[in-house]
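What follows is a set of notes on a single structure, which appears directly below.
The values are calculated or read from the model by the stated rules, or taken from the named source; none is laboratory data. The structure presented is a predicted model; accordingly, all values stated were derived computationally and were not measured. All Cβ positions, even for glycine, are placed from backbone atoms using ideal geometry, and neighbour counts span all protein chains on display. Each accessible area value is taken on the protein alone, full model and side chains, heavy atoms only, with ligands, DNA and RNA left out. Shrake-Rupley method; radii C 1.70, N 1.55, O 1.52, S 1.80 Å.
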Amino acid sequence: MSATPLSQQARAAAPYMEGLNPEQRAAVEALDGPVLVLAGAGTGKTRVLTTRLAHILATGRARPWEILCVTFTNKAAREMKERVGAIIGAAVEGLPWLGTFHAIAAQILRRHAELAGLKSSFTILDTDDQLRLVRQVIQAEGIDEKRWTPRYLAALIDGWKNRGLTPEKLPEDAKWAFADGRGGKLYALYQQRLADLNACDFGDLLLHNITIFQKDAGVLAEYQRKFRYMLVDEYQDTNVAQYLWLRLLAQGTNNLCCVGDDDQSIYGWRGAEVDNILRFERDFPGAQVIRLERNYRSTGHILGAASGLIAANRERLGKTLWTEAEGGEKVQVRGLWDGEAEARFVAQEIESWVSRGRKYRDVAVLVRAAWQMRAFEDRFLMLGLPYKVIGGPRFFERAEIRDAHAYFRLVLSPDDDLAFERVVNTPKRGVGETTVRKLHEAARAAGASLAETARMLVETDEIRGPARAGLKAFLRDIDHWGSLAGSMRHDELAGLVLDESGYTGMWRADKSPQAEGRLDNLKELVRSMGEFDTLEAYLEHVALVSDLDTASDGDEVSLMTLHAAKGLEFPLVFLPGWEETVFPSQRALDDKGAAALEEERRLAYVGLTRARERAMISFTANRMIYGRWQAVIPSRFIDELPPAHAEAKSETGYFSHGGAAGVGEPAAEPYQASYDSPGWRRFQAARAAGRTGDVIDGRAREVSSVAGSGRWKPGDRVFHDKFGYGRVKSAEGSKLTVAFDKAGEKKVIDSFVRETP
């Protein structure tokens, strides 16, 4: 093709260049060779990417079908095509290679399917079909699928494919991740079954592409010539397979431009490799690195706090965001008594915001884990405060919560047909659709409930084999739980029901990424039930809450996880739960150590940089974790916020003197701690000495000078405000293990106990 590039003067006059800052313009015009655009949060990276694409077309450097532009979502691809059309003033047609990794890989695979052992008419399996096929493979090999679940193997296979590993390339240690070393064989059998069916799953789209490119130099050369320019969005989120695919294609013209931000790489749990962006200059010698550091979203204080926080990460390329919108309000840090107090505080702040003429839709509450949403949803519904959950269903609408409620309803009313049908075969009890249909037919004929009908049919020959055994066991369990309802605390009974039914065991055996979140939600469910007097009162509350949906015409507070918030922005952002073991999460630290901690810190950075005007961080002194009250300490991320850009202060001016939250003697002066105040410095000194946990409503109470210094020894009698009297079993620094007379054995911080009165 003979291109006629525009002159420098003509480029300068191009209307689409107007409004670009110097760094953005440099990123648009750097068309030759590899380029990494390191685009910080809110620096206009989407505009740069779309303008660069328009500039390539406008200057005649390439025709539409000679440009490969890769995004992570179909929505992003559609928006990019629309933006390019708006920039060049015409409808954009003929951009066949603008799309997601998987969409483009599917196009290539259709053209060369025979090289992957497929026909061009191959089908792409969805998740359900993939799971069904995995189950068939496991069953054919005679493997116990209750111990080695299909969902776990499917997740492993997906992970192997994300790493570009075919069955023959699978490392020996990876094979032992499933069924005592049979993981590799099962993977190979699964791939053969896919080939027999002329099908592939999503992971295969890229994997087959890579295999074809590596085995057939002619096909690879064809695409290297075809793609004169390559543009990649969100490069920090690429996995190994996507990286290998891009590297193979880029070895042609070498005109590869990747846009991303290493500080926003937060998807390691689903295969993203931050190293892909960190080693860009090594992978592509002579690459230009252009930093976009001017932020158009947030105030100076918010950017200063976020930049100070992320500076603690070692594995990063480094950049410093700045803005012309200097000043603004400092990032606010609030300490509260517990999760319910935190929810009250956030709701009050939102109502105050709206009372000043702002909108609910201006506000987002960003949590580390979905289980944290429950307290906020309860509070918002009680107040009639409109909200929406982004990236998932509301807490009480989640499948695992509905299943649990069905079990609890059966404890009170075994004749609840809807509840019975929902969980009679969840987890699997051999009671399939045929058996359930028989139950319905017999129940209608007899005018009886499903449970009553089941009791009759299991004594006849109508139902035999595993179905009969499963129904008998299920009915026996329902009777057993019902007999305990009057003698056990209802929250303890709830935990017993979920355990004895096998429901929690089902999710523990499920090693998919979603299973851990479901277990956390169930734990939060059981914990929240303790706030009600009876099981009946709790279920009535759920029914009322579910009916209190508030119409809002789109003016709603957004409630979501930090992961779901990436790419969004709001004037006011709340960041609750900044405590050790919650954020950073204990699971992340246990699994991957330092690397996971850095990803957690990047997640905190993403949360802060969603805020345009105000960011409010909160932590609590106490959390109910896994059914137990635990004294918790503020997240290490709070320590890393620069004092010049963040402050902590109390709204109430009260200390706690052994009473409930918010009750006690007023302080001599209203406590307004800041990072420069003596109170805050005392708190930091106590935290460094391992004596914190005594942090109430944002106030660092004076901690006894002997706390954590060996004051308590095994055998000492102590008193705790929540757990009552007990005897110290062991002491390790500031942590005590105490056998309480009524609450049982608990781990507590020593500053929370005192000598018996």
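For G502, the conditions (1) open to solvent by less than 40 Å² (accessible area, probe 1.4 Å); (2) modelled with pLDDT under 85; (3) on the phi > 0 side of the Ramachandran plot are fulfilled apart from (2). For the range 50-84, filtering for residues that are farther than 12 Å from L98 by Cα, in contact with a strand residue (DSSP E or B) (Cβ under 9 Å, 6 or more places away or on another chain) and open to solvent by less than 10 Å² (accessible area, probe 1.4 Å) leaves 3. Selection of the range 462-492 for residues being under 33 Å from the mean Cα position of the chain (by Cα) and surrounded by 20 or more Cβ atoms within 10 Å (Cβ to Cβ) yields only H490.
Only one of the numbered conditions (1) closer than 30 Å to G40 by Cβ; (2) open to solvent by 30 Å² or more (accessible area, probe 1.4 Å); (3) free of Cβ contacts under 8 Å to residues at least 60 places away in the same chain is not met by Q192, and that is (1). If the condition is being of a type outside the set (S, T, Y), within 24 Å of T609 (Cα to Cα) and open to solvent by 10 Å² or more (accessible area, probe 1.4 Å), then the range 21-49 contributes N21, P22, E23, R25, G42, G44, K45, R47. Applying a threshold of 8 Å to beta carbon distances and a minimum spacing of six or more residues, or different chains, the list of pairs starting in the range 465-483 at a residue that is under 13 Å from F420 (Cα atoms) and part of a helix (DSSP H, G or I) and ending at one that is open to solvent by 60 Å² or more (accessible area, probe 1.4 Å) and not hydroxyl-bearing (S, T, Y) reads L475/R455; D477/E500.
Which ones in the range 314-343 are closer than 18 Å to A364 by Cβ, under 26 Å from the mean Cα position of the chain (by Cα) and either surrounded by fewer than 20 Cβ atoms within 10 Å (Cβ to Cβ) or among the charged types (D, E, K, R) (or both)? Within the range 314-343, Q332, R334, E342 meet the criteria.
Scanning the range 230-247 for residues that are open to solvent by less than 30 Å² (accessible area, probe 1.4 Å) and over 24 Å from G567 (Cβ atoms) yields nothing.
Pairing residues of the range 583-608 that are more than 17 Å from G567 (Cα to Cα) and in contact (Cβ under 8 Å) with a residue 24 or more places away in the chain with residues that are of a type outside the set (F, W, Y) and open to solvent by 70 Å² or more (accessible area, probe 1.4 Å), at Cβ distances under 7 Å and at least 6 apart in sequence or on separate chains, gives R587/E516; E598/E315. Of the helices (runs of 4 or more DSSP H) lying entirely inside the range 17-99, not one is found with 3 or more residues being modelled with pLDDT of 95 or more and in contact with a Ser or Thr (Cβ under 6 Å, 6 or more places away or on another chain).
Checked across the range 575-586, the condition of being in contact with a helix residue (DSSP H, G or I) (Cβ under 9 Å, 6 or more places away or on another chain), open to solvent by less than 30 Å² (accessible area, probe 1.4 Å) and farther than 25 Å from E340 by Cβ holds for no residue.
In the set (1) modelled with pLDDT under 95; (2) over 23 Å from the mean Cα position of the chain (by Cα); (3) assigned to a helix (DSSP H, G or I); (4) not hydrophobic (A, V, I, L, M, F, W, C), the condition left unmet by Y223 is number (1). The residues of the range 103-120 that are more than 36 Å from the chain's Cα centre (by Cα) and in a helix (DSSP H, G or I), listed by number, are R111, E114, L115. Here G203 qualifies as in contact with a Lys or Arg (Cβ under 6 Å, 6 or more places away or on another chain) and either assigned to a helix (DSSP H, G or I) or crowded, with 22+ Cβ neighbours inside 10 Å (or both). From the set of residues in the range 372-428 that are among the acidic types (D, E) and open to solvent by 30 Å² or more (accessible area, probe 1.4 Å), which is nearest to F619 (Cα to Cα)? Residue satisfying both the conditions and the ranking: E397.
For T123, are the conditions met, namely being open to solvent by 10 Å² or more (accessible area, probe 1.4 Å) and within 31 Å of the chain's Cα centre (by Cα)? Spelling it out, T123 is indeed open to solvent by 10 Å² or more (accessible area, probe 1.4 Å) and within 31 Å of the chain's Cα centre (by Cα). Among the residues making up the range 250-265, those that are farther than 23 Å from E29 by Cβ and of a type outside the set (S, T, N, Q) are D262, D263. Set side by side, the residues Q139, Q107 differ, and just one is farther than 30 Å from K428 by Cα, free of Cβ contacts under 8 Å to residues at least 12 places away in the same chain and among the polar types (S, T, N, Q), which is Q107. Just need a number here: residues in the range 726-743 that are surrounded by fewer than 17 Cβ atoms within 10 Å (Cβ to Cβ) and either part of a loop (DSSP other than H, G, I, E, B) or modelled with pLDDT of 85 or more (or both). Result for the range 726-743: 9. Spot the failing condition for Q139; the list is (1) open to solvent by less than 70 Å² (accessible area, probe 1.4 Å); (2) part of a helix (DSSP H, G or I), and only one is missed. For Q139, the failing item is (1). Filtering the range 111-131 to residues that are basic (K, R) and in contact (Cβ under 8 Å) with a residue 12 or more places away in the chain leaves only K119. Determine if the range 251-259 includes at least one residue that is assigned to a helix (DSSP H, G or I) and surrounded by fewer than 23 Cβ atoms within 10 Å (Cβ to Cβ). No: the range 251-259 contains no residue that is assigned to a helix (DSSP H, G or I) and surrounded by fewer than 23 Cβ atoms within 10 Å (Cβ to Cβ).
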